[in-house]
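The values are calculated or read from the model by the stated rules, or taken from the named source; none is laboratory data. For clarity, every value in this text was computed on a predicted model and none was experimentally measured. Virtual Cβ from ideal backbone geometry, glycine too; neighbours counted across all protein chains shown.
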Ligand SMILES: NC(=O)c1ccc[n+]([C@@H]2O[C@H](COP(=O)([O-])OP(=O)(O)OC[C@H]3O[C@@H](n4cnc5c(N)ncnc54)[C@H](O)[C@@H]3O)[C@@H](O)[C@H]2O)c1
């Protein structure tokens, strides 16, 4: 890494974020390093619904790791996950209703957290304070204050953090962001980011809590509400404001992560947000913002247009042959590169054929996202998706939503990690929590 580059990055980020900066550009000798032979990393899995089960399958396939414990308040889910471990690794993991018992096991090196969003940071904080490294599903926190607490805790406890956005192991995306970073598009002029809209609806009709579910632990820090058939499903965890801020963060995290990956550090801090959004069923269960259209500005004046896909479709179809469900387009003085998990397009398609572009800027890349986490845990090497980038990218979602809800321009100080105006919105950087789950 060029030391001037690093210095300017530190000056820019300032304060709490700067103190925890992890290198993103790294020397080639590190890129080429082999994983040293070492001990088997012992993993615990917290939350084994749809995504947690898929992650479990992925980690079971990683050499040098073993899944030794599962925690989920849904008995049937933790038992099903236990059977997967038995079938794959030939041993029975310990099964827990309560993740705190899993975290008390000192033999566990790292945990994979794939609960609903409102649990990500409370469990993540408990995990790093218990000495575990953490892989946490996207989006990061339910509030901006949670995100800062997570950053500070990872920094203080010197824990490895990997953000569950996944795409930093897709070779085409690595090549795409390196084209941007090495100036193929010229000077960066603007960015477009889009992600699928959320849903309204959801039943509020009360049902008995199903057998085998610890409902109190499932709800955790969220307000206690009557159980309904939809409240205990993943759509509630995405679209109900008790558990998340909606797809503006939940799906937005994917293309925003690419936007962070492909930017020059000196242009990073977003400083202003202005936009509109739609809440199709504000009194229903799925009451989150479903569609959004937000104009963001960076400190250097570069604009970013952050939209739900319905808003992006007519804009992106003017230059992309195919408009994918989510995406990130970097526009420069000499052309554009547009990236998403399904592929890439560019103003000059020849650029995308280059295995290695010219220029010395390289991002940290591993072709297996899960093996990469295990390697970082074992070797204490930098995470490919570090906490600093998760905090940055999730801030776009939270601040966009604040601009939509307030109907005002939100001016943000990324160095101080606070809202300059409207000043009163600083109170909304945190949320009350139920019971004794306040840890940040
Ligand atoms: N990276 C991706 O592409 C991707 C895809 C889907 C979902 N996700 C994310 O994964 C997370 C989970 O989503 P999902 O669709 O799997 O939801 P889900 O409802 O299927 O799974 C969540 C699980 O967490 C469990 N849980 C709730 N409270 C818990 C606690 N206190 N301790 C342990 N487990 C607890 C639930 O019982 C459930 O089994 C969400 O944050 C979502 O945004 C990421």
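Which of the following residues is within 14 Å of the ligand (Cβ to nearest atom), farther than 28 Å from residue 224 by Cβ and outside the structural domain of residue 339 (by TED's automatic domain parsing): 135, 142?
Every option except 135 fails the conditions.
If residue 329 passes every condition in (1) assigned to a loop (DSSP other than H, G, I, E, B); (2) crowded, with 21+ Cβ neighbours inside 10 Å but one, which one does it miss?
All conditions are met except number (1).
Could you pull out the residue among 240, 227 that is surrounded by fewer than 23 Cβ atoms within 10 Å (Cβ to Cβ) and more than 10 Å from the ligand (Cβ to nearest atom)?
Just one listed residue meets the conditions, 227.
One residue is enough: does the range 223-230 have a residue meeting the conditions touching a residue at least 24 places away in the same chain (Cβ under 8 Å) and in contact with a helix residue (DSSP H, G or I) (Cβ under 8 Å, 6 or more places away or on another chain)?
There is at least one residue in the range 223-230 that is touching a residue at least 24 places away in the same chain (Cβ under 8 Å) and in contact with a helix residue (DSSP H, G or I) (Cβ under 8 Å, 6 or more places away or on another chain).
Which of the residues that make up the range 39-55 are within 6 Å of the ligand (Cβ to nearest atom) and either over 18 Å from the mean Cα position of the chain (by Cα) or outside any strand (DSSP E or B) (or both)?
47, 48, 49, 50, 51, 52
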